[in-house]
Amino acid sequence: MTAYTLGSLLYEGKAKRVYQTDQTDLVAVEYKDDATAFNALKKAQLAGKGLMNCQISARLFELLEREGIVTHYLSLQEPNWMLVKPVQIVPVEVVVRNIAFGSLCKQMPIEPGTPLDPPLLDLYYKDDAYGDPLLTDARLERLGVLSASQRQELEHLAMAVNTSLRRFFAEIALELVDFKIELGFTTDGQLVVADEISPDTCRLWDRNVSGDAQERILDKDRFRQDLGGVVEAYGEVLKRVQAACPPPRLGK
Ligand code: TMP
Ligand code: ASP
C-alpha cells in the first residue's frame, strides 16, 4: 500500500469523488453508490455499485494499458477507491456505438439493434447545465478545447479503446453495444483515457441470452428503464471480468 495522505475534495461528480493527496502526482477517486440518469432527474442509491464499478474499471484500465492505450489509472485501493494521475478533463464526452440503441434511435430513423459498421463516434459537450448536447464539428471548433490534431488523437484513442474492449467483452460473452469515455491531459500534456469504464458508461448485452429479451441487458439501462436487478447485472459483469483478468495491482 502506498503511504499517501488524503487531501481535500477536488471535485464531486454524480458517481465519484476525486481527492487531492499529499503527493502531487497522485489523485484518489472514490466510486459512490449513487445512481443517476437523465441528467440526475432520476436518482437512487444502489448498495455495492461503487465497489463493483471501481473493480471493473481497474481491470479494464489495466487491460487497455496492456494493449498500449494510456489511461489515468495507477492502482486499485480496496474496495471502492483507485489512485489515478491528475488530469485536466477535456469537456467532451466521446461515445462509440457498435449497435444502434439509446439516444441515436431517438434522434434519427434507425432501428434499435442495427449493427453499425464502421462504429459511429459521437462527441457531446460535457456540461450538465446544457444537458450534454451533441456537438457539431463547427461547435467543437468554436468551443476551442481541442486543436485539430488533439481531436484526431482523441478519436483515434476512442476507436482503439473500442477495438480492445469489444474483443475482450466478446470473450466473456458480452456484446459491447456502445460506451462513453472521457479523456484528459496529464500534467506533461499527454492525452489519456480517464474517468471510468463500467456498466454505468457502457451498454453491455449478455450474448448467452437469445433474441432481444430484456434479461440480456447488463448495464445502467436496467436502472434507466426500471427493469430491476441492477446490482445483480453489475455483479454478473464483475464476475465475468474478474474471471478473465489478472487481479489488479494494489497500492501505488
Ligand atoms: P446514449 O445512447 O444515451 O447517447 O448513450 C450512449 C452511451 O453513453 C451509453 O453506453 C451510455 C453512455 N452514457 C454515459 O456514460 N453517460 C451519459 O450521461 C449518457 C447520456 C450516456
Ligand atoms: N449519467 C447521466 C446522469 O446521471 C445520464 C445517464 O447515464 O443516463 O444523468
Go through segment 131-140 and give me each residue that's over 23 Å from Arg203 (Cβ atoms), open to solvent by 50 Å² or more (accessible area, probe 1.4 Å) and of a type outside the set (Lys, Arg). Thr136, Asp137, Ala138
Any chance segment 51-63 includes a residue that's part of a loop (DSSP other than H, G, I, E, B), in contact (Cβ under 8 Å) with a residue 12 or more places away in the chain and not small (Gly, Ala, Ser)? no
Qualifying positions in segment 223-252 - within 21 Å of Glu93 (Cβ to Cβ) and basic (Lys, Arg): Arg224
Assuming Leu83 fulfils every condition listed in (1) in contact (Cβ under 8 Å) with a residue 12 or more places away in the chain; (2) open to solvent by 10 Å² or more (accessible area, probe 1.4 Å) apart from one, which condition is it? (2)
Take segment 123-153 and flag every residue that is within 16 Å of ligand 1 (Cβ to nearest atom) and either among the aliphatic types (A, V, I, L, M) or touching a Ser or Thr at 6+ places or on another chain (Cβ under 8 Å) (or both). Leu123, Ala129, Leu134, Leu135
Restricting the search to segment 150-204, which residues are free of Cβ contacts under 8 Å to residues at least 40 places away in the same chain and closer than 23 Å to Gly235 by Cα? Arg167, Phe169, Ala170, Thr201, Cys202, Leu204
When you go through Asp25, Asp33 one by one, which is the residue that is open to solvent by 40 Å² or more (accessible area, probe 1.4 Å) and under 16 Å from the mean Cα position of the chain (by Cα)? Asp33
If you check Leu143 against the conditions, is it open to solvent by 30 Å² or more (accessible area, probe 1.4 Å), touching a residue at least 12 places away in the same chain (Cβ under 8 Å) and under 28 Å from Gln242 (Cβ atoms)? no
Of the residues Arg142, Arg59, which is among the basic types (Lys, Arg) and over 24 Å from Lys14 (Cβ atoms)? Arg142
Filter segment 216-234 down to residues that are over 19 Å from Ala170 (Cα atoms) and among the hydrophobic types (A, V, I, L, M, F, W, C) and give me whichever is farthest from ligand 1 (Cβ to nearest atom). Val231
Please indicate, with yes or no, whether at least one residue in segment 29-47 is in a helix (DSSP H, G or I) and farther than 16 Å from Asp195 by Cα. no
Restricting to segment 156-173, what's the tally of residues that are closer than 27 Å to Lys14 by Cβ and open to solvent by 50 Å² or more (accessible area, probe 1.4 Å)? 2
Starting from segment 221-233, keep only residues that are under 15 Å from Gly48 (Cα atoms) and touching a residue at least 12 places away in the same chain (Cβ under 8 Å), then list their pairs with residues that are small (Gly, Ala, Ser) and away from ligand 1 (no atom under 12 Å from the Cβ) whose Cβ atoms are within a distance under 8 Å, requiring at least 6 positions of separation or different chains. Phe223/Ala44; Val231/Ala47; Val231/Gly48
Go through (1) among the acidic types (Asp, Glu); (2) within 16 Å of ligand 2 (Cβ to nearest atom); (3) loosely packed, with under 12 Cβ neighbours inside 10 Å one by one and return the number of the condition Glu196 breaks. (3)
Any residue at all in segment 216-228 that is on the phi > 0 side of the Ramachandran plot and modelled with pLDDT of 95 or more? yes
Is it fair to say Val237 is under 25 Å from Val84 (Cβ atoms), in a helix (DSSP H, G or I) and within 14 Å of ligand 1 (Cβ to nearest atom)? yes
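The values are calculated or read from the model by the stated rules, or taken from the named source; none is laboratory data. A quick note: this is a predicted structure, and the numbers were derived from the prediction, not measured. Glycine gets a Cβ as well: all are built from the backbone with ideal geometry, and neighbour counts include every protein chain shown. The accessibility values were calculated without ligands, DNA or RNA, using every heavy atom of the protein model including side chains. Shrake-Rupley method; radii C 1.70, N 1.55, O 1.52, S 1.80 Å.
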